[in-house]
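A quick write-up on the structure given underneath.
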Amino acid sequence: MSSRLARLVAIATAAGVFSGLFGVGGGTIIVPLLIIWLGYGEREAAATSLAAIVLIGALGAGVHGLYGNVDPLAALLIAVPAVVGALAGTALQQRIEPRRVALAFAALLVASAAVLVF
Amino acid sequence: MDPVELAAILAVGFVAGVTSGLLGVGGGVIFVPGLVILLGEGQLEAEATSLLAVVVVAGAGAWRQQHYGNLRLRDGVLIGVLSPVGVVAGVVIANEVPERGLEIGFAVVQLYFAWRLVRGLPEAPA
C-alpha cells in the first residue's frame with residue numbers, strides 16, 4: 001500500500017472513529033488531516049471532505065431511518081436554508097485567502113473543543 | 001409554528017450551511033442543537049434528522065466545489081467508503097472508555113489541529 005493510500009485509509013478510520021464516538025465530527029477530522037498529512041490546500045480539503053461526508057452521512061441517516069428516528073419534514077425545513085448557505089459559503093471561500101479559511105477552521109476547532117470540555 | 005420560530009430555524013439552517021460550505025464540515029454541530037431547541041426534537045431524533053440534512057447540504061457544497069475545480073472526488077469517495085470501519089471501532093471504544101476521558105482526548109486532538117493550522121504548514125509530501 002502506498003503511503004498516500006495508507007494516509008487516506010488512516011483519515012477515513014479516524015473520521016469514522018470520532019463519528020462513532022460523538023455522532024458528529026467527520027469534517028473536523030478530515031479537513032485538518034488532508035491539509036497536514038496530504039498537503040492539500042484549504043479549498044481542496046474542504047471540497048473533498050464534503051464529498052466524504054455525503055457518503056458517511058447517507059449511511060448514518062439510512063441506518064437511523066430504519067429505526068424511524070429521522071424526521072424528513074424537519075430535515076427539509078433546516079436543509080433548504082442550509083443549501084442556500086452552503087452555496088454562499090463555497091462562493092465566499094473562492095474569494096478569500098486560503099490562509100484565512102485555515103484560521104477560521106482553527107477557530108471552529110477551538111470552539112468545538114471548548115464545547116466538548118465544558 | 002409561529003413566524004419567529006420559522007425565521008429562527010431558517011437562520012440556523014443558513015448559518016450551518018455557510019459554515020459547511022466555507023469550511024468543509026457537515027454542519028451537524030449547528031443542526032443538532034437547532035433541531036433540539038427550536039423544533040423540540042429529542043437528542044437521538046435530532047442527530048438522525050441532522051444527518052439527513054447534512055447529506056443534502058454537503059452534496060450541494062461538494063457539487064459547487066466540483067464546479068470550482070477543488071474537489072478530488074476519488075480521495076473523498078475513498079474516505080467516505082472506508083470510514084464505517086472506524087465508526088464500528090468508535091462505538092466499541094465508546095463503550096469501553098469513560099466518556100469524560102474521550103471528550104478531553106478529542107478536545108486535545110482538535111486543539112492540536114488548530115495549532116497546526118494557525119502555525120502554518122510546511123510543504124507536506126504529496
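Okay, residues lined up against (1) at pLDDT 95 or above; (2) surrounded by fewer than 24 Cβ atoms within 10 Å (Cβ to Cβ); (3) within 30 Å of B:Tyr68 (Cα to Cα); (4) in the same structural domain as B:Trp63 (by TED's automatic domain parsing):
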| site | (1), (2), (3), (4) |
| --- | --- |
| B:Pro3 | no, yes, no, yes |
| B:Leu10 | yes, yes, yes, yes |
| B:Gly13 | yes, no, yes, yes |
| B:Gly26 | no, no, yes, yes |
| B:Phe31 | no, no, yes, yes |
| B:Ile37 | no, yes, no, yes |
| B:Glu41 | no, yes, no, yes |
| B:Leu44 | no, yes, no, yes |
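Restricting the range A:52-65 to residues that are β-branched (Val, Ile, Thr) and within 7 Å of chain B (Cβ to nearest Cβ), which is farthest from A:Ile29 (Cα to Cα)?
Here is the first cut: in the range A:52-65, the residues β-branched (Val, Ile, Thr) are A:53-54, A:56, A:63.
Within this subset, residues satisfying the condition of being within 7 Å of chain B (Cβ to nearest Cβ) are A:53-54, A:56.
On the way: A:Ile53: 11, A:Val54: 15, A:Ile56: 13 Å.
Filtering first and then ranking leaves A:Val54.
Suppose we filter the range B:72-105 for residues that are crowded, with 23+ Cβ neighbours inside 10 Å and farther than 18 Å from A:Ser19 by Cα; how many remain?
Adding up the residues that qualify gives 1.
Can you tell me which of A:Leu76, A:Leu5, A:Leu33, A:Leu108 is facing chain B (nearest Cβ under 7 Å) and assigned to a helix (DSSP H, G or I)? Break it down into steps so the answer makes sense when it comes.
Values: A:Leu76 fails: facing chain B (nearest Cβ under 7 Å); A:Leu5 fails: facing chain B (nearest Cβ under 7 Å); A:Leu33 fails: facing chain B (nearest Cβ under 7 Å).
The unique qualifying residue is A:Leu108.
Could you list all residues from the range B:33-90 that are of a type outside the set (Lys, Arg), outside any helix (DSSP H, G or I) and at the interface with another protein chain (Cβ under 7 Å from one of its Cβ atoms)? Show your work before the answer.
At the first step, the residues of the range B:33-90 found to be of a type outside the set (Lys, Arg) are B:33-63, B:65-71, B:73, B:75-90.
Of the ones still in play, those that are also outside any helix (DSSP H, G or I) are B:40-42, B:69-71.
Residues satisfying the conditions are B:Glu41, B:Asn70, B:Leu71.
For the range A:19-30, how many residues are surrounded by fewer than 24 Cβ atoms within 10 Å (Cβ to Cβ) and assigned to a helix (DSSP H, G or I)?
Adding up the residues that qualify gives 3.
Determine whether the range A:36-51 contains at least one residue that is at the interface with chain B (Cβ under 7 Å from one of its Cβ atoms) and among the charged types (D, E, K, R).
yes
The values are calculated or read from the model by the stated rules, or taken from the named source; none is laboratory data. Because the structure is predicted, anything quoted here is derived from the model rather than measured. Positions of Cβ are generated from backbone atoms using ideal geometry, with glycine treated the same way; all protein chains shown enter the neighbour counts.
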